1. Over region 43-113, average the accessible area per residue using a 1.4 Å probe and give it in Å², no decimals.
2. I'd like the orientation of helix 66-77 relative to the chain: the angle between its Cα long axis and the longest Cα principal axis, in ° from 0 to 90, rounded to 10.
3. Per the Debye formula with a single identical scatterer at each Cα and no solvent contribution, what log10 I(q)/I(0) holds for the chain at q = 0.15 Å⁻¹?
4. What net charge is computed for the residues neighbouring A45, neighbours being all others with C-beta under 13 Å from the C-beta of A45, Lys and Arg scored +1, Asp and Glu -1?
5. So what are the ³J(HN,Hα) numbers for region 104-113, from phi and the Karplus equation (6.51, -1.76, 1.60; θ = phi - 60°), rounded to whole Hz, Gly and Pro as x?
6. Report, in degrees rounded to the nearest 10, the 0 to 90 angle that the Cα long axis of helix 2-16 makes with the longest principal axis of the chain.
7. Taking every pair of Cα atoms in region 68-113, average 1/r, invert it to obtain the Kirkwood radius, and report Rg/Rh to two decimals.
8. Using 0.36 nm per residue, how much length does the chain from L58 to I27 gain when fully extended, once their Cα-Cα distance is taken away?
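The values are calculated or read from the model by the stated rules, or taken from the named source; none is laboratory data. All values reported here derive from a predicted model rather than from experimental measurement. Note that we place each Cβ from the backbone using ideal geometry, even for glycine, and neighbour counts take in every protein chain shown. SASA here: full protein model, heavy atoms, side chains in, ligands and nucleic acids out. Shrake-Rupley method; radii C 1.70, N 1.55, O 1.52, S 1.80 Å.
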Amino acid sequence: MKALSSVAVSLLLLGLAAGCAHVPGGIAPSTLPIDGRDYQVLGPAKATSSAVYLFGFLPVSGSSSLRDAKEAAIRGKGADALIDVTAEAYSQYWILFSKQTIMVEGTAIRFEK
C-alpha cells in the first residue's frame, strides 16, 4: 500500500511539473509605413517561430523571435509587408524542457510601383 501511495504522489508531482501558457501579444496596423502608398492585397498570412529550451533557459533548438515569425509570414506570400498584424506567444513546460512559440498573423500586401 505504501508503494502505491508513493507512485500516486510521484505521478501527481510530475503532472504539476508540466503546463502551458498563452500570452496575447500586440496589434499593429502594418509592419511598414504605408502612408499614401498604393498596394495590392495578397491575402492572409501566418507564420510561427519556435525554440526549445533545456531547464527553461538553455537553448537547444530554434529561435523564438517576433522578427523571424514576421519575416516568414511576409516571405511565405511573396509580399512586401503585412497589415492588420497580430502577434501571440505560447509556452509549454515539461519537466526538463520548455518550448516557446511566437505566432504572427496579418494580411499580406505588395506595394505597386
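1. 57
2. Helix 66-77 sits roughly 50 degrees off the main axis of the chain.
3. At q = 0.15 Å⁻¹ the computed log10 ratios are -0.71.
4. Value of the local net charge: +1.
5. Residue by residue, region 104-113 yields 10, 10, x, 10, 6, 9, 10, 6, 8, 7 Hz.
6. 10
7. With Rh from the inverse mean 1/r over Cα pairs, Rg/Rh is 1.18.
8. Difference between extended and current length: 8.2 nm.
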